[in-house]
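The values are calculated or read from the model by the stated rules, or taken from the named source; none is laboratory data. Computed from a prediction, not measured in an experiment: that's the story for all the values here. All Cβ positions, glycine included, derive from the backbone under ideal geometry; neighbour counts span all protein chains shown.
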Amino acid sequence: MQCLTTRLDGTPPVLTERTAPGVPDAPDAVVVRTLRVGIDGTDHAVVAGAHGHPPAGADRLVLGHEAVGVTETPHPQLPEGSVVAPLVRRPRDEATPARLDMAPPSAVYECGIAGADGFACERFVADVASLVAIPPTLAEVGVLIEPLSVAHKAIDLAVAARRTVPWEPTHAVVIGNGSLGLLCTLALVLDPRVGRVSCMGRRDRPDPTVTVIERLGASYLDTRTTPVPQLAESAEPPTLVIEATGHAPHAFETITALAPGGVGALLGVPTDDVRSLDAGRLHRDLVVGNKALIGSVNSGRAAYLQAVETLAAAPAWFAEAMIDRVVPHTAAPEAFTADDTTIKTAIEFSSYEERR
Ligand code: NAP
Ligand code: BGC
Ligand code: ZN
């Protein structure tokens, strides 16, 4: 079957004929017919050779870590025909900690990213424990579950970091209006604990991401006119900041931007970026301001289930506005040629209806 593969060297991905990726011999293996695979900033970094690596001994990696599919083999825990979103991480060996999303990177593989083939294939095989059943009503938009779960995990970790002190997310700011930033904005807007929500970008209006932000009821802030550190001097400095750009200076600017007692969660995965900064000022600000800065990567089943709830509760227009380009799998390499106006490209391998 045709799979979308990369050499992780900056050359464009291509369609390659091969068998379904996954673990066909595992006792709990389930065959999944792929419906759609979403593309995010990490996939672009993988193709560019800036992140990830192929499976041991292979020179190509099957792309795709945001996926939705339909199971084709019966399993006592998962009836045939279930709509599923696969988890991204797999244990490297028996010593890998059970909570894969909190395990060290060296202890796990990431399908479609690091050391294990992904899901951008007509079919893939997965252990039943790595599949999360989602409502069939979300089959078309299920590629948003994985990145939305990343947003939920980060929010949970940030809230947990303030659990022992008086703190309220009165103003939450997301830095970055790429697909992950917009999903963070959705999760925060629908979170009853959160007051005002803003999302920062560097785009001129009209822009489809600004439309999404404002239709959600959040405010758009332009980092060119309101640099991140200036948030500290605004009428309502943020008590919660989620960084979703991968632009390394934003991580440190988050410290300055936060209100005293605030918490920042970093999600971006930057390449090396050597610069000078006033480490003393940032260190002091973090300490005397009682601020917290956390990093968060990947997500597990509980966060996927939160994402399912959030996506089901999202306004009807949201998912269609987010997945604004769908390419057929026969033209899958074109998914990597999207221009700046595309929010998220999905590759369509099959439709949910066709085999019901
Ligand atoms: P994306 O669609 O490429 O969006 C990136 C966003 O960052 C855009 O809003 C972009 O603005 C902005 N940006 C990039 N460089 C910037 C700079 N120098 N200054 C200001 N803004 C800048 O990527 P994504 O899929 O949303 O992912 C965002 C980041 O999170 C990436 O680093 C990705 O690898 C990472 N990520 C992490 C996890 C995790 O588990 N921690 C999960 C998913 C993604 P413009 O479009 O205007 O340039
Ligand atoms: C994926 C995560 C993964 C991270 C680091 C993100 O794009 O969504 O599942 O852990 O990249 O590779
Ligand atoms: Zn991702």
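What to note about this one:
- The one condition in (1) at positive phi; (2) more than 17 Å from the chain's Cα centre (by Cα) that Gly112 fails to fulfil: (2)
- The one condition from (1) β-branched (Val, Ile, Thr); (2) farther than 24 Å from His329 by Cβ; (3) not assigned by TED's automatic domain parsing to the domain that holds Pro76 that Val143 does not meet is (2).
Residue-by-condition table, conditions (1) in a loop (DSSP other than H, G, I, E, B); (2) surrounded by 23 or more Cβ atoms within 10 Å (Cβ to Cβ); (3) of a type in the set (A, V, I, L, M, F, W, C); (4) within 15 Å of ligand 2 (Cβ to nearest atom):
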site: Cys3; (1), (2), (3), (4): no, yes, yes, no
site: Ala58; (1), (2), (3), (4): yes, no, yes, no
site: Gly64; (1), (2), (3), (4): yes, yes, no, yes
site: Ala67; (1), (2), (3), (4): no, yes, yes, yes
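- Counted residues, segment 31-87 - those being in contact with a Leu (Cβ under 8 Å, 6 or more places away or on another chain), away from ligand 3 (no atom under 13 Å from the Cβ), of a type in the set (Gly, Ala, Ser) and within 19 Å of Met1 (Cβ to Cβ): 1
- Hey, Gly81 more than 11 Å from ligand 2 (Cβ to nearest atom), part of a loop (DSSP other than H, G, I, E, B), in contact (Cβ under 8 Å) with a residue 40 or more places away in the chain and in the same structural domain as Thr6 (by TED's automatic domain parsing) or not: yes
- Positions within segment 23-50 being part of a loop (DSSP other than H, G, I, E, B), within 10 Å of ligand 1 (Cβ to nearest atom) and touching an Asp or Glu at 6+ places or on another chain (Cβ under 9 Å), in sequence order: Ile39, Asp40
- Checking Ala338 against (1) touching a strand residue (DSSP E or B) at 6+ places or on another chain (Cβ under 6 Å); (2) crowded, with 16+ Cβ neighbours inside 10 Å; (3) at pLDDT 95 or above; (4) not charged (D, E, K, R), the condition it does not meet: (3)
- Flag set for Gly246, criterion: crowded, with 20+ Cβ neighbours inside 10 Å, part of a loop (DSSP other than H, G, I, E, B) and within 13 Å of ligand 1 (Cβ to nearest atom).
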